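These notes are about the structure you will find just below.
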Amino acid sequence: MIILCLSKNNRNSIFALLGILETYGYFIGKDVYLHYLKTNDIKSKTKKNIFLFSFSSNDAEENFKELKKLKNKFYKSIFICGGAHPTGSPEECLKAGFDMVVHGEAEDIMNEIVNIKSLKSQIYKSERLANLNNYPPFPLKDPHYSLYIEITRGCPYNCFYCQTTNIFGPRPRHRSIDNILKYCEVLLKNNLTDLRFVSPNAFSYGSIDGKSINYKVLQKLLQSLYKLIKNEGRIFFGSFPSEVRPEFVNDDTIALIKKYCNNKNIMIGGQSGSENVLKKINRKHTVNDIIKAAEISLKYNLLPNIDIISGFPFETETDIKETIKLCENLINKGCKIHIHKFTPLPGTHFENLLPSEFHQELKNFINKWIGKGMIYGKIKY
């Protein structure tokens with residue numbers, strides 16, 4: 001039996017794995033089962049199963065604890081992990097007790113993985129980059145195991161705090177419009193009428209290099225989705241769980257959202273109000289790009305949610321004051337700020353940096369606005 005370990009934070013990747021496994025002839029309820037972390041819901045009659053874990057760095061400790069518990073009970077089973085944290089820190093996962101750590105993308109090697117009968121502890125490095133068109137974004141047998149459709153994978157920008165480029169490569173790979181429509185139609189037929197999409201930069205859809213806007217392809221995608229739903233569904237694009245880079249926001253791209261989508265807001269990756277910090281984290285855009293993107297969005301009555309990161313150890317007091325100034329400016333314009341603390345992620349340029357505490361002036365600013373609903377996020381002081 002194949003058992004996928006599910007938590008509230010890895011649903012998207014686990015549901016995608018259900019679709020991948022289905023491609024190879026393994027079906028939920030027959031060959032594949034879900035186990036919810038921190039529960040005793042496994043009904044397997046055998047001690048020999050294949051357990052698949054997928055997790056990010058923030059959830060690593062929780063998954064390590066679950067692994068230890070399950071290994072004691074299902075001691076003849078094989079335990080395999082993949083995802084962002086195992087790809088960035090495979091040796092740590094082996095030390096935690098996993099039998100195999102999958103480094104990279106699993107789509108093209110999934111059948112090999114689940115057919116392993118026995119093994120010594122090893123790191124399985126996948127050199128294959130998947131063609132998204134070859135795999136459904138959710139299990140067709142039960143599309144209700146669906147949250148979002150991944151439309152683009154890969155990012156050319158290599159921000160120094162982010163794992164995306166290191167895991168998925170710098171060249172974007174796009175799911176074709178026909179393929180996207182095919183799976184959206186499946187969702188609509190199953191009364192799943194809110195269509196949401198995953199992309200590192202939603203407005204880069206169709207771009208060959210990921211650094212320019214392919215307006216014609218982007219328009220064709222949204223226009224085609226609009227025709228598909230026929231007022232019987234809703235399209236959300238460039239909002240959570242995706243975001244857009246600020247320099248990709250212009251009158252043309254925002255007008256597409258207003259014409260074809262149901263967004264009330266748009267998520268814009270700003271990250272800092274300091275030019276110095278933006279250069280050090282390799283963002284490749286300016287503070288003015290953030291302001292301009294917010295102003296254009298507001299002009300079209302689209303609420304900008306600006307993502308901000310603080311707690312970089314190299315941030316100076318001046319940098320922090322500049323970030324506060326930007327945030328205050330944006331809030332006064334009518335924007336919301338999503339703020340979170342820098343986390344060093346394995347496999348990134350900043351993996352060995354230690355986060356610094358939030359500056360007291362920033363704490364005071366957050367406390368002023370968080371109660372008014374203008375600042376939000378998982379903020380821990």
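Before moving on, here are some points about what is shown:
- The percentage of C-alpha pairs in segment 191-263 whose separation is greater than 15 Å is 51%.
- Among Pro156, Pro90, Pro200, residue whose mean-square fluctuation peaks in a GNM of the chain (springs only between Cα atoms under 10 Å): Pro156
- Proximity of backbone amide H atoms, modeled 1.01 Å from N, is registered between Arg171 and Cys155 at under 5 Å, excluding neighbours fewer than 5 places apart on the same chain.
- Rounded, prolate or oblate (a/c below 1.5 giving rounded, otherwise prolate when a/b exceeds b/c) for segment 265-339 by Cα gyration tensor: prolate
- Estimated FRET transfer efficiency (Glu92, Lys230; beta-carbon r; R0 51 Å; 0.05): 0.55
- Kirkwood estimate for segment 2-125, i.e. one over the average of 1/r between Cα atoms, Å: 14.3 Å
- The slack between Asn58 and Tyr36, meaning 0.36 nm per residue of separation minus the straight C-alpha distance, is 6.2 nm.
- Angle in degrees between helix 60-73 and the longest Cα principal axis of the chain, rounded to the nearest 10: 10 degrees
- Farthest positive-ward along the chain dipole, Cα basis, beta-carbon charges - from Asn364, Cys5, Leu302: Cys5
- DSSP bridge pairs, segment 148-376: antiparallel proportion in percent, nearest 5: 10 percent
- Acute angle (nearest 10 degrees) that the helix 317-333 long axis makes with the longest principal axis of the chain, alpha-carbon atoms: 80 degrees
- Gyration tensor (alpha-carbon) shape descriptor, segment 1-51, a/c threshold 1.5: oblate
- In order along segment 167-181, the Karplus-derived 3J(HN,Hα) couplings, from 6.51 cos²θ - 1.76 cosθ + 1.60 at θ = phi - 60°, round to 7, 9, x, x, 9, x, 10, 10, 5, 5, 4, 4, 5, 4, 4 Hz, and Gly and Pro are given as x.
- Distance between the pseudo-spin-label points of Asn250 and Lys125 (7 Å out from Cα toward the beta carbon): 4.1 nm.
- Look at where the Cα atoms of segment 51-101 and of segment 210-234 average out, and the two centres are 39 Å apart.
- Once the C-beta distance of Asn262 and Asn111 is scaled by a Förster radius of 45 Å, the resulting FRET efficiency is 0.75 to the nearest 0.05.
- log₁₀ of I(q)/I(0) at q = 0.10 Å⁻¹ - the chain, Debye sum with one point per alpha carbon: -0.69
- Spin-label model, Phe27/Gln223: points 7 Å from Cα along the beta carbon direction are separated by 4.0 nm.
- Unpaired by the 4.7 Å Cβ criterion, cysteines found in the chain: Cys5, Cys81, Cys93, Cys155, Cys184, Cys261, Cys327, Cys335
- Amide H contacts of Ile375 (H built 1.01 Å from N, under 5 Å, at least 5 apart or other chain): Ile337, Ile370
- Spin-label model, Asp178 to Asn9: label points 7 Å out along the Cα-to-beta-carbon direction sit 4.0 nm apart.
- Residues whose placed amide H lies under 5 Å from that of Ser272, excluding near-sequence neighbours: Ile309
Only the coordinates and a few stated rules stand behind these numbers; no lab work does. What you see is a predicted model; the values in this text were computed from it and never measured. Heads up, the Cβs are rebuilt from the backbone with ideal geometry, glycines too, and the neighbour counts pull from every protein chain shown.
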